[in-house]
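These notes are about the structure you will find just below.
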Amino acid sequence: MAATVADIFELLKGIPPGAWVAISERQHKTLAYGVDAQAVLNEALQKGEKLPLMVRVPDQNLAMFF
């Protein structure tokens, strides 16, 4: 299985530091964001996303490697 690399920087623009973000696995768009991870996940699931990518916006402008 090949790994997929996606630049999500543009998707996180304007989202406040510390917020949780649900990103569509296939469409590469922001589905929901907020301070409560479970609420963000629930909103993404309600929008029909079966397996959203959940990330947290760092409190500082840092590079992240996965």
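The values are calculated or read from the model by the stated rules, or taken from the named source; none is laboratory data. The structure presented is a predicted model; accordingly, all values stated were derived computationally and were not measured. Don't worry about glycine lacking a Cβ; one is built from the backbone with ideal geometry, like all the others, and counts go over all protein chains shown. In case anyone asks, the SASA skips ligands and DNA or RNA and just uses the protein heavy atoms, side chains included. Shrake-Rupley method; radii C 1.70, N 1.55, O 1.52, S 1.80 Å.
Observations, loosely collected:
- Residues of the range 7-49 satisfying the condition of being of a type in the set (D, E, K, R) and either at pLDDT 95 or above or in contact with a Cys (Cβ under 9 Å, 6 or more places away or on another chain) (or both): 36, 43, 47, 49
- Note on the range 33-59: residues that are of a type in the set (A, V, I, L, M) and over 19 Å from residue 10 (Cβ atoms) total 6.
- Of all residues in the range 15-41, those satisfying the criterion of being closer than 10 Å to residue 57 by Cβ, of a type outside the set (A, V, I, L, M, F, W, C) and open to solvent by 20 Å² or more (accessible area, probe 1.4 Å) are 16, 17, 33.
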